[in-house]
Structure formats: C-alpha cells, structure tokens
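Chemist: A single structure is presented below for examination.
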Amino acid sequence: MSAPREIARQVVAEEAEALRQLAASFGPDFDATVETLYAATSNGPTGTAGLVIVSGLGKSGTVAQKIAASLTSTGTPAVFMHPVEALHGDLGIVTGRHCLIALSRSGNTEEIVRFVAHFRRLGGPVVGITQGRASRLSELCRHVLLLPDVPEAGPLSLAPTTSCVAMLAAGDALAMALLHRRGFRPEDFAQYHPEGSLGRRLLLRAADLMHTGDALPIVRLHDSFHDLIMEMTRKRLGLALIVEPDGR
C-alpha cells in the first residue's frame, strides 16, 4: 500500500506534466484569442467597453469563478455566469459587446453546450477551454484552448484534478497576456486593490490618516485629569495633546 506522501507526489507530478504540455501547446491561436478578448473589452465607438462572461459547471464552474475574478482585477472586466441560470433569465444581460469563455473538460457538457448555442444568438465571440478537440463545444467556438489530453491525477483518475489545474493555468495565462496587452501598470492594479498592501502603499497618503481641527483631542495645560479623560474618550484616538494657553 502506497504511503500518502507517495500518492501526493504522484498527483503533483502528473499535474505538473500537464502544465508543461499546456505551456508547449500555446501557439498563434492563443495570440488570436487574446486579441479577440482585448478588442471585445476595449472602448468601442460609443466609448463603452465590453464584458467577458466566464462559465462552467461543477468543478469547472468553480475554476471559472476564479478566472473571472483574475481577469477583473487585472483590467479585463469579467463576470461568472452559471450556465443553467443563464438559460433561465441571466442571458438578459448579454449583448453584442459581450464575449464568453466556456469551460468544459469533455466539451460535451449538455448545459454548457446549450448555453453557448443561445449565447451566440445574442452575444459576441466564444472561447472554449476543453480537452475535446472534436467536441460540440469546439464546433461552436471561434477560438479553442485545448487542454492536454491526459488522465485526471490520483489513484482512480476520476475526480477533476489535472483538468482543473490546466483550466486554471489557461485562465491565468489569458489574464496575464491581456494585462500585458493593455499595458496594465502597478498603479492600475492598486486602483482595483485599494485595501491590499500594494494598494495602500501606492494610494494611501498622510492626508488620509491625519486628524485636524475639531477631530484633534486637545486639553489645556491646566485642565483637570477628568477633562483629559473625557476628551480622549470623545475623540477616540487613545491620546490627547496638551497645549499651552496660546495653543503651543
């Protein structure tokens, strides 16, 4: 019986091999995919940018949510849309200025295929991320990022593991390539992450933290200790400034 660490090493090794194959597979169609997404989400004639919709079902849907978040935080507006909810009203937001990234390992997930077919009636280009070269999803998409055709990692090769890692990496690759295409800067990243360490470092100013005027807890040199405590309590800074009669 294999030790748990041996299984763990094998899983990671198999996933790493899938990532190596994925990296080697990127060719001219990847460049074309980036250009399609860039054009769809750049300001059009009306001055409005389009939106990327990312969709998947099950584990692919979880990965799709992360891809949408990564795109949005790096300058490419994106949202996750559940394929079933899309067919029951959420398609109402779709216009020709929207494009779709659809995730399905097999490329034949019924809900995804139906969603893509209806999206094409209302929206813009569709990008598929799948292992299914000859799948129904591939037939419906303008661009397809093919995942390595390798088994799932693990003793049973059943649970979505390798395919999810590859999907996630493909999404990261798109997000970073689009970031580069837009000329996205650290300052832009900070605008979308104002509460992160980078955002605070680039955006926070002394004026944002300083207290002035009536917000300052001030007592005069000869005020009582009771006055001091009350002023500290009212202003809630944990201190008070003791000043001379002339304000020094």
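The values are calculated or read from the model by the stated rules, or taken from the named source; none is laboratory data. This is a predicted model, so every value here is computed, not measured. Ideal geometry is used to build each Cβ from the backbone, glycine not excepted, and the neighbour counts take in all protein chains shown. Just the protein is used for accessible areas: all its heavy atoms, side chains included, with ligands, DNA and RNA removed. Shrake-Rupley method; radii C 1.70, N 1.55, O 1.52, S 1.80 Å.
Chemist: Looking at (1) closer than 27 Å to E15 by Cβ; (2) under 25 Å from the mean Cα position of the chain (by Cα), which is the only condition C99 fails?
Modeler: Here C99 meets the rest and fails (1).
Chemist: In the list G89, G75, which residue meets the criterion of being in contact (Cβ under 8 Å) with a residue 24 or more places away in the chain and on the phi > 0 side of the Ramachandran plot? Lay out the reasoning, then the answer.
Modeler: Values: G89 fails: in contact (Cβ under 8 Å) with a residue 24 or more places away in the chain.
Only one candidate passes the filter, namely G75.
Chemist: I'd like the residue in the stretch 46-81 that is open to solvent by 10 Å² or more (accessible area, probe 1.4 Å) and in contact with a Gly (Cβ under 8 Å, 6 or more places away or on another chain) and, out of all such residues, is farthest from A166 (Cα to Cα).
Modeler: P77
Chemist: Shifting gears a bit: Quick check on G96: is it in contact with a helix residue (DSSP H, G or I) (Cβ under 6 Å, 6 or more places away or on another chain), among the small types (G, A, S), in contact (Cβ under 8 Å) with a residue 12 or more places away in the chain and at negative phi? Working first, answer last.
Modeler: Details: in contact with a helix residue (DSSP H, G or I) (Cβ under 6 Å, 6 or more places away or on another chain): no; among the small types (G, A, S): yes; in contact (Cβ under 8 Å) with a residue 12 or more places away in the chain: yes; at negative phi: yes.
No.
Chemist: Related question: Quick one: which of E6, E14 is part of a helix (DSSP H, G or I), crowded, with 16+ Cβ neighbours inside 10 Å and more than 24 Å from the chain's Cα centre (by Cα)? Break it down into steps so the answer makes sense when it comes.
Modeler: On the way: E6 fails: crowded, with 16+ Cβ neighbours inside 10 Å.
The conditions single out E14.
Yes/no per residue for (1) modelled with pLDDT of 95 or more; (2) under 29 Å from P151 (Cβ atoms); (3) in a helix (DSSP H, G or I):
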{"site": "A24", "(1), (2), (3)": "yes, yes, yes"}
{"site": "T33", "(1), (2), (3)": "yes, yes, yes"}
{"site": "L37", "(1), (2), (3)": "yes, no, yes"}
{"site": "V54", "(1), (2), (3)": "yes, yes, no"}
{"site": "L57", "(1), (2), (3)": "yes, yes, no"}
{"site": "K66", "(1), (2), (3)": "yes, yes, yes"}
{"site": "T72", "(1), (2), (3)": "no, no, yes"}
{"site": "G92", "(1), (2), (3)": "no, no, yes"}
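Chemist: Restricting attention to the stretch 105-114, does a residue exist that is within 17 Å of the chain's Cα centre (by Cα), open to solvent by less than 10 Å² (accessible area, probe 1.4 Å) and in contact (Cβ under 8 Å) with a residue 12 or more places away in the chain? Outline the logic, then answer.
Modeler: Going residue by residue through the stretch 105-114, those that are within 17 Å of the chain's Cα centre (by Cα) are none.
No, because not a single residue in the stretch 105-114 is within 17 Å of the chain's Cα centre (by Cα), open to solvent by less than 10 Å² (accessible area, probe 1.4 Å) and in contact (Cβ under 8 Å) with a residue 12 or more places away in the chain.
Chemist: So R133 clears everything in (1) within 17 Å of D29 (Cβ to Cβ); (2) at pLDDT 95 or above; (3) basic (K, R) except one condition, right? Which one?
Modeler: The single condition R133 does not satisfy is (2).
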